[in-house]
Amino acid sequence: QFLFVVTFSTFLLCCVDYDVLFATRPLNHSHVPERAKVTLPDAVLPAPQCARRLRGSGWLLFLLVLAGAVWLCRLVTALRRLVGYWEIRSFYIRALGIPAEELCNHSWQSVQARLLALQRRQPLCVPRRELTELDIHHRILRFRNYTVAMVNKSLLPVRFHLPLLGPVVFLTRGLQFNLELLLFRGPAALFQNTWSLRPQVKRAGARRALARGLARAAVLLGVANLALCPCVLGWRLLLAFFSYAEGLKRAPGSLGARRWSLYARHYLRHFNELGHELQARLGRGHAPATRYMDSFSSPLLAVLARHVGFFAGSVLAVLIVLTVYDEDVLTVQHILTAITLLGLVVTVARSFIPDEHAVWCPEQLLQRVLAHVHYLPEHWQGRAGRAETRAEMAQLFQYKAVFILEELLSPLVTPLILIFAFPPRALDIVDFFRNFTVEVAGVGDICSFAQLDVRHHGNPQWLSQGHTEATPERQAEHGKTELSLMRFALSNPRWRPPPPARRFLGHLQAQVTRDAATVPAPRHLLAEGPLAASLLSEDSALVVSGGASGGPP
C-alpha cells in the first residue's frame with residue numbers, strides 16, 4: 001500500500017498532461033483530429049518526458065529517496081514479523097497440537113488450556129513449575145497494562161483544557177506510537193528489554209535524573225517529529241484521500257457514523273483484557289451508544305436542516321430528471337460536481353433531522369451503554385440528558401470524521417505535546433513505574449494493578465469494604481481493579497485467585513444472591529408471563545420509561 005501510494009502520486013505529479021486532460025489546449029502529441037475525443041492515453045506523457053520532469057524536481061527526488069528508505073525499513077519490519085509469525089505457527093502445530101486449518105475452531109480458552117498443560121509436561125518457563133492464566137496475560141499484555149493504568153491515573157498528557165474548546169481529549173495512533181517509543185521500546189525507554197525495567201528506575205535516588213533524561217528524550221523526539229512533520233502530513237493526506245474519497249462519494253453519511261475513540265479503548269479497557277475481548281465488548285456496546293448519542297437533537301437545527309435538504313433536493317431532482325431525459329446534460333461543465341455536492345448536502349441535512357418515532361429516554365439508554373462498557377464517570381448519574389454529559393461521551397464515542405481529522409492533525413499536534421506537555425509529567429511517570437511495578441518469577445516486571453489485588457489497589461466505594469488497605473494514591477479509579485477481577489474470573493473459570501481476591505468474589509456473589517432474594521414475588525410471577533415479555537421488551541421499556549419520568553429504570 002505504501003509503495004502504491006508513493007508510485008501513484010509520483011505518476012500523477014510527473015506523468016499526466018493536465019492541459020490535455022482538462023481540454024484547455026488542443027492535443028499536440030497525438031495524430032488524431034483536434035475535435036476527436038480525448039482518451040486517457042492522450043493525457044499520459046511519454047516515458048522520456050516523464051523522466052525529465054522527475055529529474056528536474058530536486059524536492060521530489062529527495063522525497064522519493066526518503067520514501068524509499070522508509071519503505072525498506074517497513075519491508076525489514078514486515079519480514080521480521082513474518083519470521084515471528086512462522087515460528088508461532090510452528091509452535092501451535094508441533095507443541096500445542098493445533099493444525100493451521102483447525103485454528104479457527106479453537107477458542108482462546110482452549111489454546112490457553114493446552115499451553116498450561118504443556119508447561120506441566122515440558123516446562124517452557126524454567127523458574128516456574130506451573131503457569132497460571134494470569135501469568136500468560138501478564139506476558140502478553142505487559143506494556144498494555146501499564147498504559148491502561150496510566151490512563152486510569154491521568155498521567156499521560158492526553159487531556160487538555162483549551163480556551164475556546166474547553167476540555168479536549170487528544171490521543172491518536174501517532175501520539176500513541178511516540179509514547180510507546182519513549183516508555184517501552186526506544187533507546188531511552190524505561191524498559192531495558194521486553195520484560196524488565198532498567199535497574200535505576202527502581203531506585204528512589206535516581207528518580208530526578210531519570211525524569212530529566214526522559215523529559216530530554218521527549219523534547220528530542222518532539223523536535224524529530226517536527227522536522228518530519230511535512231513528510232508525515234503529506235503522507236497522511238494522501239492516505240486519507242485514497243482511503244476515504246471513494247467511500248465518501250458512494251456513502252456521504254459514512255463520516256457521520258460513530259466509533260470508539262482510541263482514548264476510549266484505553267479508558268474502558270480492563271486490566272488483562274485481550275484485544276479480541278475488548279473489541280467484542282465495545283462492539284456489543286456500539287448500538288446502545290449510537291442510540292444514546294442520536295437521542296440528542298436541536299429543534300432549530302432540525303428545522304434548518306429540513307429547509308436546506310428541501311432546497312438542495314429540489315435542485316438535485318431537476319438535474320437528475322434532465323440527465324435521464326438527455327444524457328448530453330452530463331457534458332455541461334461541472335454538472336457532475338453539482339450533482340455530487342447536492343447529494344452530499346442532502347445526506348448531511350438528513351443526518352440532523354431526528355427520527356419522529358424516537359422516544360426521549362437518555363437515562364435508560366445510558367444504563368444500556370454502561371452494561372457493556374462498564375466504566376462511566378460517577379457525575380453522569382442522573383445527568384444523562386445534559387449537554388455536558390453528551391459532550392464527554394462524544395470524547396469516547398466520536399464521529400468517524402472527527403477521527404480522520406485528529407489523525408490528519410496528529411503530525412502537527414504530537415510534536416507540541418512531546419515538547420511542552422510531556423516533560424512536566426516526566427517525574428510523575430518515573431515515580432509511577434517505580435511504585436507500581438512488581439517482579440514475578442518467570443514473568444518479569446509487570447504493573448502491580450494487573451495483579452488484580454483488591455487489598456493493595458481496591459477502592460472501598462466499589463464493594464470492597466474491609467477487603468482493601470490501599471491508600472487513595474494506590475487505588476485504581478472508577479473501580480477498575482474490582483471490575484477487572486470480576487471480568488477475568490468470569491472469562492477464566494479455572495483460574496484460582498489468591499485469598500484476598502477469592503474473599504472479595506465470594507462477598508460479591510453473596511451480595512448478588514441477597515439482592516436477587518429481595519426481589520418481590522409478584523415481579524417474579526409477572527416476569528414469567530407473556531405480558532412481561534411485551535412490557536419489558538426493549539421498545540416498550542423505552543416508552544414506559546420515557547412516558548413516566550425519564551429517570552433510570
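Filter region 370-394 for residues that are part of a helix (DSSP H, G or I), open to solvent by less than 40 Å² (accessible area, probe 1.4 Å) and closer than 16 Å to residue 263 by Cβ and give the result. Within region 370-394, 373, 393, 394 meet the criteria. Residue 92 meets all of the listed conditions (1) modelled with pLDDT under 85; (2) of a type in the set (Ser, Thr, Tyr); (3) open to solvent by 50 Å² or more (accessible area, probe 1.4 Å) but one, namely (1). Condition check for residue 214 on (1) in contact with a Gly (Cβ under 9 Å, 6 or more places away or on another chain); (2) modelled with pLDDT of 95 or more: one failure, at (1). Summed over region 183-216, the residues that are over 21 Å from residue 446 (Cα atoms) and surrounded by 14 or more Cβ atoms within 10 Å (Cβ to Cβ) give a count of 3.
Yes/no per residue for (1) closer than 25 Å to residue 279 by Cα; (2) out of contact with any Phe, Trp or Tyr (no Cβ under 9 Å at 6 or more places or on another chain):
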| residue | (1), (2) |
| --- | --- |
| 343 | no, yes |
| 348 | no, yes |
| 359 | no, yes |
| 366 | yes, no |
| 372 | yes, yes |
| 375 | yes, no |
| 384 | yes, no |
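A single member of 407, 439 is modelled with pLDDT of 90 or more and under 26 Å from residue 197 (Cα atoms), and it is 439. Take the conditions open to solvent by less than 40 Å² (accessible area, probe 1.4 Å), in a helix (DSSP H, G or I) and among the small types (Gly, Ala, Ser) and apply them to residue 317. Does it pass? Answer is no for this residue. On the basis of being open to solvent by 70 Å² or more (accessible area, probe 1.4 Å), modelled with pLDDT under 90, farther than 27 Å from residue 148 by Cα and of a type in the set (S, T, N, Q), does residue 331 make the cut? Yes, satisfied.
Quick grid of which residues meet (1) of a type in the set (D, E, K, R); (2) in contact (Cβ under 8 Å) with a residue 60 or more places away in the chain; (3) assigned by the TED database to the domain that holds residue 394:
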residue	(1), (2), (3)
80	yes, no, no
101	yes, no, no
133	yes, yes, no
148	no, yes, yes
160	no, yes, yes
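Checking the stated criteria, residue 432 turns out to be farther than 26 Å from residue 232 by Cα and hydrophobic (A, V, I, L, M, F, W, C). Screening the candidates 219, 223 for the property of being loosely packed, with under 15 Cβ neighbours inside 10 Å, more than 25 Å from the chain's Cα centre (by Cα), in the same structural domain as residue 150 (by the TED database) and not in a loop (DSSP other than H, G, I, E, B) yields one hit, 223.
When the helices (runs of 4 or more DSSP H) confined to region 419-513 are screened for residues that are open to solvent by less than 40 Å² (accessible area, probe 1.4 Å) and within 26 Å of residue 211 (Cα to Cα), those reaching at least 3 such residues are found at 426-435.
Within region 230-277, being more than 24 Å from residue 2 (Cα to Cα), in a helix (DSSP H, G or I) and modelled with pLDDT of 90 or more holds for 263, 264, 265, 266, 267, 275, 276, 277.
Listed here are the residues, each with its yes/no results for (1) of a type in the set (S, T, N, Q); (2) closer than 20 Å to residue 274 by Cβ; (3) assigned to a loop (DSSP other than H, G, I, E, B).
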| residue | (1), (2), (3) |
| --- | --- |
| 38 | no, no, yes |
| 54 | no, no, no |
| 65 | no, no, no |
| 85 | no, yes, no |
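Of the helices (runs of 4 or more DSSP H) lying entirely inside region 97-182, not one contains at least 2 residues that are closer than 22 Å to residue 266 by Cα, open to solvent by 70 Å² or more (accessible area, probe 1.4 Å) and touching a Gly at 6+ places or on another chain (Cβ under 7 Å). Checking the stated criteria, residue 313 turns out not to satisfy the condition of being under 30 Å from residue 259 (Cβ atoms), of a type in the set (Gly, Ala, Ser) and either in contact with a Phe, Trp or Tyr (Cβ under 9 Å, 6 or more places away or on another chain) or without any contact (Cβ under 8 Å) to a residue 24 or more places away in the chain (or both).
Yes/no matrix, rows are residues, columns are (1) more than 21 Å from residue 2 (Cα to Cα); (2) open to solvent by less than 70 Å² (accessible area, probe 1.4 Å):
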site: 57; (1), (2): yes, yes
site: 65; (1), (2): no, no
site: 69; (1), (2): no, yes
site: 78; (1), (2): no, yes
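Whenever a residue of region 270-286 is under 16 Å from residue 138 (Cα atoms) and among the β-branched types (Val, Ile, Thr), it has no partner that is outside any helix (DSSP H, G or I) and open to solvent by 40 Å² or more (accessible area, probe 1.4 Å) lying with C-beta atoms less than 9 angstrom away and at least six residues away or across chains.
The values are calculated or read from the model by the stated rules, or taken from the named source; none is laboratory data. A quick note: this is a predicted structure, and the numbers were derived from the prediction, not measured. With ideal geometry, Cβ positions are generated from the backbone for all residues, glycine too; neighbour counts draw on all protein chains shown. Only protein heavy atoms, including side chains, enter the accessible area calculation; ligands, DNA and RNA are left aside. Shrake-Rupley method; radii C 1.70, N 1.55, O 1.52, S 1.80 Å.
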